[in-house]
Amino acid sequence: MAKDLFYLFSLNNILIMILIFVILFVLIISSTPLFEKGFSKVVYVLTSSIWDPVYDRYGIFFAIGGSLVVALIAIIIALILSISTAVFIVEISPSKIRAPLEMMVDLGVAVPSVVYGLWGLFILTPFLRDHVMKPLIDSIPVLKNFLGSYSPSGTSIFTAGVLLGIMIYPFATSIIREAIKLIPFDIKEALYSLGLTKWEVIKNEIFYIRNSILAGLLLAFGRAVGETVAVAMVVGNIVNPEFYKIFTPGYTIASLLANQFLNATGIMIPILYFAALILFSIGFIVNIIVALYLHRSFHR
Amino acid sequence: MQIDKTSLTLFIVILIIVGVIAYYVGASSGGISAPSKVETITISIPTTITTLITYTYTGVMTTSAMSATPSFTYTIPQFTTQVTLNGGGSSFVNPQMQSWISVFKDLTKGMVIINYQSIGSGAGQKSFLEGSLDFGASDIPLTKDNYEKVKASGRGFIQFPVIGGSVAVVYNIPEWDNQRCGPLRLSGEVVAKIYLGEIEYWDDPEIRSLQTPECQNILPHQKIIGAHRSDGSGTTALFTMWLSKTYSKWNQTVGYGLVVNWPIDQTGRGVGGKGNEGVTAAVKSTKYSIGYVEPAYAVKEGLPIAALRNKDGNFVLPTNENVIEAFKRGAKELPPPDQYWGDVPLSFIYQDGPKAYPIAGVVFVFVYTDLPKDKRDAFKAFFIWVLTEGQSSRYVLSGYIPLPPELAGKAIEYINTYMK
């Protein structure tokens, strides 16, 4: 009998699906006051960059752009950090310290994001300002036009991206690490038998597990684009239409929600729900793209 | 992952070494300060007070038509069954509210239990409106929208102030010598122009002309960085009300509210901080910046507080005395508690009076008058206690400013008249 009840485990799947649809439903219902104002109003909110509760004028383009730029920077940093860490742990480090190293990297996941945020605000932010942004802008003034002049306090989209990159890299590292471990020994032997050096073998291994890396980064992206507390502390929280100038302060959708939701009134509430809906959609679209890519590459 | 004993030991040893090194590196560079001594304040309550509290106001009730008695005596009723009141809203008032609640719980021998959730002023108003909380607290009175909804519901309601606070303008100018020149002097018009981006440098003639003659030349030729709150807050509301009242161009272009569209952000010289601690950190770590916070945060972090020009032309600091002076003047204009109070905060801002500090505000509590009887009794008992004994220096935490009898008396009068 007990065996037959095994199907109950599949209920979890259905519950998760229902939950996601309920969330989506709530977001859409809660933003209907905005939809009722007409299509042109929705387009205006999506494409303009203004946050003026006194005159009830809102546009969330700056936050959408900020979210994407911050997530992109975080992904790039996490990619570099996680691949090198995973390769070092599995292939290079002496076996004695391998387990402790793995534990230490995994500990990075257990640190609460508010602690990352405080560390980012008091240590990382001044460091990046004095040792990365300031020297870069001072030595190559032309960069000011693309990156923006660094903010005097150091909080910026770039800082948020770097902090997020550090926050999410343990996720990506554990997935990539396990993937490297799973490479069949035959393949490694074959690579070495071709006379490749250790570095060339590692290069080939990374190419071999590229789908796992993508999956790891996808997980990391999910956290990066939705991370709230830590980002709200270091991103600067300023309405910045030129969010591509990464050295200037900006907003992400999540930090906008964190900052504005508690005291929201009137039309601001549906607009914040709408922003959350956009955030949800971004995550959804990225997941679909990656899933399609993985599907294609597995069936080639 | 397989863990053998050696690697686990190694891991722990590495962790301890890293921890010790990090502690000493951090401590020597000043990055991590040693944990400060935590002072526990215990308020002991004499047992006699639980049976009878009498508090006398003179000169308050004479102005009211409610009662002929010139003084006011209130006895906390004996609660025989346990009553639970749920309230929530303003996060500013939260520490003070929790302190009052715990004292009051002891006073009623645990019979009145009040839960106050610090959910923010906007959420406080909304929860009160929907009836999910018995009472709401907010840094601003009910907004026009919410007020109309309450009126439409047909239920009786009142609002009244419970405690005061103020906003300090803080600055970070390394060249400024506080010992010799005293606090920097600023006026509402100048601060408005700074946040509009019209005044760009600290040595602008308009700022210099406010200072004493011997200190006018200290101000450096440096760009002003303007820090402000990024989240919605009553602090921003009070600050922008002050700017609106003192500089008409600010009122026309920006206005006032929990969040405003800061013109200085467009110039690239704006910094947003989340919470008082965010703005304090921004001003502290950014040279040549200006910001506004609750005075307690400025004092805690050692930020200099500017003296602001009041309506009478004097430069004043946010001391208790100066802020209470503003409350006293504003109390005269308090409308009946069931009307729209949108302009009430403005009546405390930039008040006349030789000592009145120009940025002062109160926290408002809202309640429906048709609460169930036991809850209504508990509500009345709690807030009348808060507005009498609760305003004494013994119960008011630092960072809050007690209401003067003129204002507290009016609030008590409202509670007594409307919640019989």
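Every read-out reported here was derived from the displayed coordinates using simple, explicitly stated rules and does not represent laboratory data. Please read all numbers here as calculations on a predicted model, not as lab measurements. We place every Cβ from the backbone using ideal geometry, glycine too, and count neighbours over all the protein chains shown.
Quick notes on this structure:
- Positive-end residue, the protein assembly as shown charge dipole about Cα centroid, Cβ charges, pick of B:G156, A:G195, B:L346: A:G195
- Extending 7 Å from Cα along the Cβ direction at A:I289 and again at A:S95 yields two label points whose distance is 4.3 nm.
- Bins of 10 Å from zero: percent of alpha-carbon pairs in region B:205-340: 10, 34, 40, 13, 2, 0
- The base-10 log of I(q)/I(0) for chain B, evaluated at q = 0.13 Å⁻¹, reads -1.12 [Debye formula, identical scatterers on Cα atoms, solvent excluded].
- Candidates A:E200, A:E227, A:E102: whichever shows maximal mean-square fluctuation once chain A is modelled as a Gaussian network with Cα springs under 10 Å: A:E200
- Pairwise FRET efficiency - A:I76 versus B:Q222, Cβ, R0 = 41 Å, nearest 0.05: 0.70
- Extension gain, A:H131 back to A:I28 (0.36 nm per residue minus Cα-Cα distance, nm): 32.6 nm
- Order of B:L308, A:L8, B:L397 under a 10 Å beta carbon neighbour criterion, fewest first: A:L8, B:L397, B:L308
- For the protein assembly as shown, the Cα gyration tensor yields ellipsoid semi-axes of 51, 33, 26 Å (square root of five times each eigenvalue, largest first, whole Å).
- With the alpha-carbon atoms of region A:179-300 aligned to their principal axes, the span from lowest to highest coordinate is 69, 32, 23 Å, starting with the largest.
- Length gained when the stretch B:E321-B:A152 is fully extended (0.36 nm per residue, less Cα-Cα span): 56.8 nm
- In region A:16-130, Rg over Rh equals 1.14, where Rg is the alpha-carbon radius of gyration and Rh the Kirkwood radius from pairwise Cα distances.
- Taking trypsin sites (Lys or Arg not before Pro) across region B:92-200, the ones in a DSSP loop with at most 14 further Cβ atoms lying within 10 angstrom of their Cβ are B:K109, B:R155.
- Under-5 Å amide H pairs with B:T369, H placed in peptide plane, nonlocal only: B:G156, B:F157, B:I158
- For region A:1-73: Kirkwood Rh in Å [reciprocal of mean 1/r, alpha carbons]: 15.8 Å
- Largest-first principal axis extents of the Cα set of region A:253-300 (Å): 53, 16, 8
- Region B:38-420 - share of DSSP beta bridges that are antiparallel (%, nearest 5): 55 percent
- Cross-link partners for B:K380 among the lysines, with Cα-Cα distance under 27 Å and sequence neighbours closer than 8 places in the same chain left out: B:K105, B:K109, B:K126, B:K144, B:K149, B:K151, B:K328, B:K332, B:K410, B:K420.
- Rounded to 5, percent antiparallel among DSSP beta bridges of region B:217-360: 25 percent
- Note on the protein assembly as shown: antiparallel DSSP beta bridges, both residues inside, total approximately 60 percent of the bridges counted.
- Cα-based convex hull volume of region B:147-188 per residue, rounded to whole Å³: 135 Å³
- What you get for region A:160-253, charging only the Cβ of Lys and Arg (+1) and of Asp and Glu (-1), is a dipole of about 60 debye around the Cα centre.
- At q = 0.12, 0.18, 0.21 Å⁻¹ the log10 of I(q)/I(0) for region A:83-232 amounts to -0.67, -1.05, -1.19, computed by Debye summation with a single uniform scatterer per C-alpha, solvent ignored.
- Linear extension gain, A:M17 paired with A:K37, 0.36 nm per residue minus alpha-carbon span: 4.1 nm
- Calculated FRET value between B:K373 and B:E333, using beta carbons and R₀ = 51 Å, to 0.05: 0.95
- Evaluated on region A:65-165, the Kirkwood hydrodynamic radius is 15.4 Å, with distances taken between all distinct Cα atoms.
- Anisotropy class assigned to chain A is oblate, per the alpha carbon gyration tensor with a/c at or over the 1.5 cut-off and a/b no larger than b/c.
- Estimated from the Cβ-Cβ distance and a Förster radius of 22 angstrom, the FRET efficiency linking B:R180 and B:V299 is about 0.55.
- Remark: the protein assembly as shown carries a charge dipole of roughly 580 debye about the Cα centre, counting +1 on each Lys and Arg Cβ and -1 on each Asp and Glu Cβ.
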